[in-house]
Amino acid sequence: MAVEQRADENSAASRADPAAGDPMAAGAALRRRHGATEGRPDEFDMLGRAWTLLPGVFAPIHTVTTKLFTGWLPYPVGGSFLEVGSGTGVTAVTAALTGCASVTAVDIAGAAVANTEANAARHGVADRVRVLQSDLFDALGAGERFDVIYWNSNVIDAPPEFEYDDELQWAFFDRGYAAHSRFLSQGTKLLTPGGRMFLGFNGLGNAERLGALAEEHGLRLKTRRRRPGALGGMSVAISLLEILPA
């Protein structure tokens, strides 16, 4: 039986981002919650559809971000869509079902690749959803271009000494913001003329560092949608950012 997706919201979610907090501890709490096996369903409901959930994959039932960003994105009907960090594949499959002619979903984790493939097949769009195991854009072919590029990023700015112990940690932690820097510097080169690039972000992330990276790469960030939410026991703002030329 599918489990309905529930937003982790409470009275704290209506307050502003905390002035002081510990994003690393919040990320560790999220990692434990998403990696727990006891009571974890093998499918869930979201956006009016049932989805397969495999072990070891970021579970959208625990946070509201996947549901929000999937509902907020402007899908290029008849065009091409690239999702970085596809997880269970909710957004990539929704893009195909919304009318994108071509969808590419990439994830660094093998379990997430399998989960996205399973949901693309489950919803009858495997012919339009290509799934690749890739560290950001590494597995893409030369010359590929997309009308929309999107990433619900691993926002927590981990220190240089941080060590990744398992694939699931890639969903939450970005050591030195190296992946964010690469996304900004490389992603804009993969857009079609008039193409758009979006980043799913939240208050556990280092907004100041992200803004500095954008400026360094000749870009600016524009908030398209924003609302309060709760992640890892902290009240945060959840934002869909568009990446634009400076």
Here the equivalent ellipsoid of the stretch 27-169, derived from its Cα gyration tensor, has semi-axes (largest first, whole Å) of 24, 19, 13
The Cα extents of the stretch 123-246 along the principal axes, largest first and rounded to whole Å, are 39, 35, 31
Quick calc: nm separation of the 7 Å Cα→Cβ label points for Arg49 and Val77 -> 1.6
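What is the mean projected area of the alpha carbon convex hull for the stretch 105-150, to one decimal in square nanometres? Let's see the in-between values first.
Details: hull surface 13.9 nm².
Quarter of the Cα hull surface area: 3.5 nm².
In a shell of Cβ-Cβ distance under 15 Å around Ala178, excluding Ala178 itself, what net charge do Lys and Arg (+1) and Asp and Glu (-1) give?
On the way: positive: Arg175, Arg182, Arg209; negative: Asp135, Asp138, Asp157, Glu161, Glu163, Asp174, Glu216.
Once all neighbours under 15 Å are counted, the net charge is -4.
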Taking 0.36 nm per residue of separation between Arg209 and Ala246 and subtracting their Cα-Cα distance, the length gained on full extension comes to 11.7 nm
Over the chain, the sum of -39500 (n - 2.57) across DSSP H runs of at least four, divided by residue number and rounded to 500 deg cm²/dmol, gives at 222 nm -7500 deg cm²/dmol
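Based on the Cβ-Cβ distance from Phe162 to Thr98, what FRET efficiency comes out when R0 is 30 Å, to the nearest 0.05?
0.25
With a sphere of radius 12 Å drawn around the Cβ of Trp72, what net charge do the other residues whose Cβ falls strictly inside it have (Lys, Arg +1; Asp, Glu -1)? Don't jump to the answer; show the numbers that get you there.
On the way: positive: Lys67, Arg224, Arg225, Arg226, Arg227; negative: Glu242.
Taking every other residue near Trp72 into account, the sum is +4.
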Here FRET efficiency (C-beta to C-beta, Ala25 to Asp138, R₀ 35 Å, nearest 0.05) is 0.70
With the convex hull built on the alpha-carbon atoms of the stretch 103-186, volume per residue in Å³ sits at 103
For the pair Leu190 and Asp127, the simple spin-label estimate (label points 7 Å beyond Cα toward Cβ) gives in nm 2.6
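How much net charge surrounds Pro55 when only the other residues with a Cβ under 12 Å from the Cβ of Pro55 are counted, with Lys and Arg +1 and Asp and Glu -1?
On the way: positive: Arg40; negative: Glu38, Asp42, Asp166, Glu167.
Net charge around Pro55: -3.
Where does the chain land on Rg/Rh, using Cα atoms and the Kirkwood Rh? Don't skip to the answer; put the middle values down first.
Values: Rg = 16.8 Å, Rh = 18.0 Å.
Taking Rh as the inverse mean 1/r over Cα pairs, Rg/Rh reads 0.93.
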The stretch 184-239: spread of alpha-carbon positions along the three principal axes, whole Å, largest first, is 40, 21, 15
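Computed from the coordinates by the stated procedures, all read-outs in this text should not be read as laboratory data. Treat the numbers as computed from the prediction; the structure is a model and nothing was measured. Ideal geometry is used to build each Cβ from the backbone, glycine not excepted, and the neighbour counts take in all protein chains shown.
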